[in-house]
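Just so it is clear, none of the values below were taken in a lab; they were calculated from the coordinates. Computed from a predicted structure; not experimentally measured. Counting neighbours? That spans all protein chains shown, and the Cβs are built from the backbone with ideal geometry, glycine included.
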């Protein structure tokens, strides 16, 4: 009877670990999920998202700000995005504010 | 020459959201037209700043958070008999639709629409308003004629305002109380100062206005003066558009 409880706790523990340890791969996945028409292969740490992604626009910027707030509880501003070139640049800003 | 059909002399006007932006300009301009003001806002320092800029005497300032029931009750108790109410308190929350939450939706709907509606209802029920009074809502073009990216929650609150203006004006007509809204385009205030929208984006937005600029808070105040004055005595249930031509395109 105690087994399911133990598994449950382990999952919670993994989730907490994930939240504390912010991974670039997760960040890229979260970033990519804001897009509808861009192929997943386009999203890499070094992707210059504002220049390379045809789908990038002001609404995407709003979505990234909202995603960062929802997933990482970090507030970024429009200017933060404007000052980033690559997805990794943004990842470092978010990570530094966690 | 003393002729002035837009005078607000001998009128007592209650303005919410008077500590900044449009509400602040409305309070100041109305005082210049001779009105006695009761102004309210959340920020003590900024409300005082507005209060000190009011012309004439006998004005009243009440610091109140209109989200708190007990503060609303206290505020309404302090109100004298009114000739005008201006609902200018409001917030903007920029969030793409797929990210909206129950909490954020309830918050913006409460601040922009539900609380002002209930405050008005209480004022009328407690008979703190004169026959011939005018109620002015600061609505928007957003949610009534168009919308903006990430603005769905805000739009819904302004759409609700436009709706209740119609119903209220009909129900209050037999008391000779008029209800109208002003629907401005983008006005130069600090309401977007949270930085979600960049200065560059706002600069691009200006270009979409045929008159090539955003509106000034005073320009909304002048329209408010008109709707509060006897010059608009036969106008009720209307929505006055002030948008520099934005919605023409």
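Distance between the C-alpha centers of the range B:72-94 and the range B:2-68? Whole Å please.
Each part reduced to its Cα centre gives a spacing of 11 Å.
What does the structure give for B:91-103 when I average, per residue, the other chain Cβ atoms found within 10 Å of the residue Cβ?
On the way: counts 0, 0, 0, 4, 6, 10, 2, 5, 8, 1, 1, 0, 0.
For this peptide, the per-residue mean of nearby foreign Cβ atoms is 3.
Write down the Kirkwood hydrodynamic radius of the range A:22-96, to one decimal in angstroms, obtained as one divided by the mean of 1/r over all alpha carbon pairs. Don't skip to the end; give the middle numbers.
Details: mean 1/r = 0.0825 Å⁻¹.
Computed over the range A:22-96, the radius equals 12.1 Å.
For each of B:146, A:84, count neighbouring Cβ atoms within 10 Å of the residue's Cβ, then give the residues from fewest to most. Don't skip to the end; give the middle numbers.
Values: B:146 15, A:84 19.
If I rank by nearby Cβ atoms, fewest first, I get B:146, A:84.
For A:33, B:232, which order do you get if you count the other beta carbons within 10 Å of each Cβ and list the fewest first?
Values: A:33 13, B:232 20.
Fewest to most other Cβ atoms nearby, the residues stand as A:33, B:232.
With 10 angstrom as the radius, rank B:178, A:50 by how many other C-beta atoms surround their C-beta, starting from the fewest. Numbers along the way, then the final one.
Values: B:178 24, A:50 15.
Going from sparsest to densest Cβ surroundings: A:50, B:178.
With a ≥ b ≥ c taken as the square roots of the eigenvalues of the C-alpha gyration tensor of the range B:180-221, please select rounded if a/c is under 1.5 and otherwise prolate if a/b is larger than b/c or oblate if it is not? It would help to have the intermediate numbers written out before the result.
Details: a/c = 2.32, a/b = 1.37, b/c = 1.69.
Oblate.
Among B:16, B:120, B:157, whose mean-square fluctuation peaks in a Gaussian network model of chain B (Cα, cutoff 10 Å)?
The residue with the greatest mean-square fluctuation here is B:120.
At a Förster distance of 35 Å, what's the computed FRET efficiency of residue B:52 paired with residue B:106, Cβ-Cβ distance as r, to 0.05?
On the way: r = 35 Å, r/R0 = 1.00.
E(calc), rounded to 0.05, equals 0.50.
Answer rounded, prolate or oblate for the protein assembly as shown, using the Cα gyration tensor with square roots of eigenvalues a ≥ b ≥ c: rounded when a/c is under 1.5, else prolate when a/b is larger than b/c, else oblate. Show your work: numbers first, answer last.
Values: a/c = 2.56, a/b = 1.89, b/c = 1.35.
Here the protein assembly as shown falls in the prolate category.
Please give the average number of partner chain Cβ atoms lying within 10 Å of the Cβ of each residue in B:148-157, rounded to a whole number.
Numbers: counts 2, 7, 7, 1, 0, 0, 0, 0, 0, 0.
For this peptide, the per-residue mean of nearby foreign Cβ atoms is 2.
What's the average, rounded to a whole number, of partner chain beta-carbon atoms within 10 Å of each residue's beta-carbon in A:61-70? It would help to have the intermediate numbers written out before the result.
Working: counts 7, 10, 7, 1, 8, 9, 3, 0, 3, 4.
What the average comes to for A:61-70 is 5.
Per DSSP helix of 4 or more residues, -39500 (n - 2.57); summed, then divided by the residues of the protein assembly as shown. What does that give at 222 nm, rounded to the nearest 500?
Numbers: 14 runs with 152 residues, N = 347.
Helix-only estimate at 222 nm: -13000 deg cm²/dmol.
The range A:30-54 to the range B:188-249: how many Å between their Cα centroids?
What the calculation gives is 36 Å, centre to centre.
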